[in-house]
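Okay, so here's the structure we're looking at.
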């Protein structure tokens, strides 16, 4: 028996076949209004018993929760409905995935920020959690309390560079530069740093001091998943992650000869959630200016990527404080891979190369491409042969500063990090929601690595559901699948699912897939616009 967690935001590698762009099974089933007004709490699958169970949860009374478990066989034929009304405390024991801890609870924690003078300030905070029966989780409200200014052993104050807060246990991991006192090196805060963990009582429980020979600026900081964790732990929680940092040298007026003579000498660092230093890796950047979109971990390898451009100036001279990076015209897209604390490669294909390797579906009339500006990163994945697929979407900026999302792109890099192809898909939906919300994108990979499928969730609108004064919003997206030939770098015509003369069915926002027959099939899981009719669509290899 498998207990399946929500997987909408997970990076998935599912099996697919080159000729399987059709549904072998498509069925629907209508649930009760009570279940539809609640939330889908869990999916259980027992393949040896040919059993699929979907459990919906609602509040029955001030003391009781109601569980409705719908049983199907693995061809999605309805078998049985099991209802259960049970006290909250007993429900947590019986249903291990039921996260209810009471209608509300409070966690004391610590927050961190710079004050108006750029000095690091710690503040106590109180996090109030209130349970929502409508979406099956806690809404939180934060109140800030008293504050403290930490100092070094020498009496120096700090200036915050970046942070990662852990609301579960109230701790915070921060990275800060040391502020110069009278007689100190004026560039001290760009050379001497502190990584430290503070608890909810504002006590420093661990620290690591580190420094650079030449002054630096932080280009990107991001929680990176710890691959030693179980797959069902939250990678966005500091308790389950490390903190990755990318630094670049700075120079120009006020720095002069104190600057690193190697203008492209970037440095990657990684710290554990106890502030311990795990990595310090020098990266020779092909371009001096690198606007990193993301630092991502796949298995134990680290990928760093984003647009870049060459210049004879330092990054701080090219990108000034407060500059809107969405308006910068970039020259290339740069990708680095780190393996076991060493650089495997750093490549930066130009926009011209992206244009030369552009591939579109045979029947598609338009040929949208990456232009080096205004690009939203949607997803990133690596297949069994270490091909890299980076999914994103072009957008424009409206007069009010909001984004208008347009065509979709997939960058395909081979195992050596060279650009193999750029695939583009001309978005078909032009409604307001599809312009405001980026499309869902995912990699579905054949086990042999010869083909992969590019899954796109075309946004058809949204729906607001209301119950007991609460609201939840559901993005209405139907699946579109385009097949990619990994060896040749070609793309086929996309297939559309969930849309027929009988109506439209949309991917469930929480569970878009059912993990059934992994390695031989992909099962889409969705629902009607109102949510009362379930939709199953199985695609065999």
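The values are calculated or read from the model by the stated rules, or taken from the named source; none is laboratory data. Values in this document were obtained by computation on a predicted structure and should not be read as measured data. Here Cβ is always computed from backbone atoms with ideal geometry, including for glycine, and neighbour counts include all displayed protein chains.
Miscellaneous remarks
- Among the candidates 145, 81, 160, 120, residue that is farther than 30 Å from residue 35 by Cβ and exposed (fewer than 14 other Cβ atoms within 10 Å of the Cβ): 145
- So residue 109, is it closer than 21 Å to residue 201 by Cβ and touching a helix residue (DSSP H, G or I) at 6+ places or on another chain (Cβ under 8 Å): no
- Residue 349 falls short of the stated requirement of being modelled with pLDDT of 90 or more and over 25 Å from the mean Cα position of the chain (by Cα).
- The combined condition, being more than 23 Å from the chain's Cα centre (by Cα), at pLDDT 95 or above and buried (at least 21 other Cβ atoms within 10 Å of the Cβ), is fulfilled by residue 250.
Rundown of residues vs (1) on the phi < 0 side of the Ramachandran plot; (2) touching a strand residue (DSSP E or B) at 6+ places or on another chain (Cβ under 6 Å); (3) crowded, with 20+ Cβ neighbours inside 10 Å; (4) assigned to a strand (DSSP E or B), yes/no style:
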| residue | (1), (2), (3), (4) |
| --- | --- |
| 307 | yes, yes, yes, yes |
| 311 | yes, yes, no, no |
| 316 | yes, yes, yes, no |
| 320 | yes, no, no, no |
| 326 | yes, no, no, no |
| 330 | yes, yes, yes, no |
| 333 | yes, yes, yes, yes |
| 337 | yes, yes, yes, yes |
| 344 | yes, yes, no, yes |
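- Residue that is surrounded by the most Cβ atoms within 10 Å (Cβ to Cβ), among those in the stretch 399-418 that are touching a helix residue (DSSP H, G or I) at 6+ places or on another chain (Cβ under 9 Å) and modelled with pLDDT under 95: 405
- Restricting attention to the stretch 495-524, the residues that are buried (at least 16 other Cβ atoms within 10 Å of the Cβ), part of a strand (DSSP E or B) and touching a residue at least 24 places away in the same chain (Cβ under 8 Å) add up to 8.
- Residue check, residue 56 on the phi < 0 side of the Ramachandran plot and touching a helix residue (DSSP H, G or I) at 6+ places or on another chain (Cβ under 6 Å): yes
- Number of residues in the stretch 157-184 that are over 21 Å from residue 269 (Cβ atoms) and free of Cβ contacts under 8 Å to residues at least 24 places away in the same chain: the value is 2.
- With a requirement of 2 or more residues that are at pLDDT below 85, the strands (runs of 3 or more DSSP E) lying completely within the stretch 122-190 that satisfy it span 137-148, 158-166.
- Condition met for residue 108 (closer than 30 Å to residue 174 by Cβ, in a strand (DSSP E or B), in contact with a strand residue (DSSP E or B) (Cβ under 7 Å, 6 or more places away or on another chain) and touching a residue at least 12 places away in the same chain (Cβ under 8 Å)): yes
- Test result for residue 218, touching a strand residue (DSSP E or B) at 6+ places or on another chain (Cβ under 7 Å) and modelled with pLDDT of 90 or more: yes
- Matching residues, the stretch 355-369, being surrounded by 18 or more Cβ atoms within 10 Å (Cβ to Cβ) and farther than 22 Å from residue 487 by Cβ: 368
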